[in-house]
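Below is one structure; the comments refer to it alone.
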Amino acid sequence: ICRKMFVGGLNWDTTEDSLRRYFSQFGEVGNCTIMRDNVTGRSRGFAFLNFVDPKAVNTVMVREHHLDGKVIDPKRAIPRPQQGQQHQHNRHNDNAMAGQGVRNQKLFVGGLPHTVTAESFRSFFEQYGALAECTCMMDKETGKPRGFGFLTYQD
């Protein structure tokens, strides 16, 4: 059962405290960590948080969220060992999940090497099925990969 969420699109000035306060309206928040650049300490624009009650994740997923003047994008976090199996899991559970308020089947993929290209990211995941969307996130200032991306399979 998923308790962990990825939260993307954060304002650079969002703090762990403001993130925790915002998500506490949906349930008790355990760990809450904004990912930061190792050199500068600056926010990388995304975070991970855990809810004590996994039901809170479903509640979060069914609405749009705004924090610190930005639309933020919370997603279920997929543990690394399961990432390669997630597509197969989704294909078998689409109908079962349809009534549970799941907005989409967009997958977050983290822990990517900073040498990854949009092409290599796409070609790796295409071996598991046809992609409707595939985005490797790039730093707007440097143009370098940020180490994570999103993808959605066609079926």
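Nothing in this text is a laboratory measurement; each read-out follows from the coordinates by a stated rule. If you're wondering where the values come from, they're calculated on a predicted model, not measured in any experiment. Ideal geometry is used to build each Cβ from the backbone, glycine not excepted, and the neighbour counts take in all protein chains shown.
Would you mind counting up the charge near GLY147? Only other residues with Cβ under 11 Å from its Cβ, with Lys and Arg at +1 and Asp and Glu at -1.
+1
Sort LYS70, LYS75 so that the residue with the fewest other Cβ atoms within 10 Å of its own Cβ comes first and the one with the most comes last.
The order, fewest Cβ neighbours first, is LYS70, LYS75.
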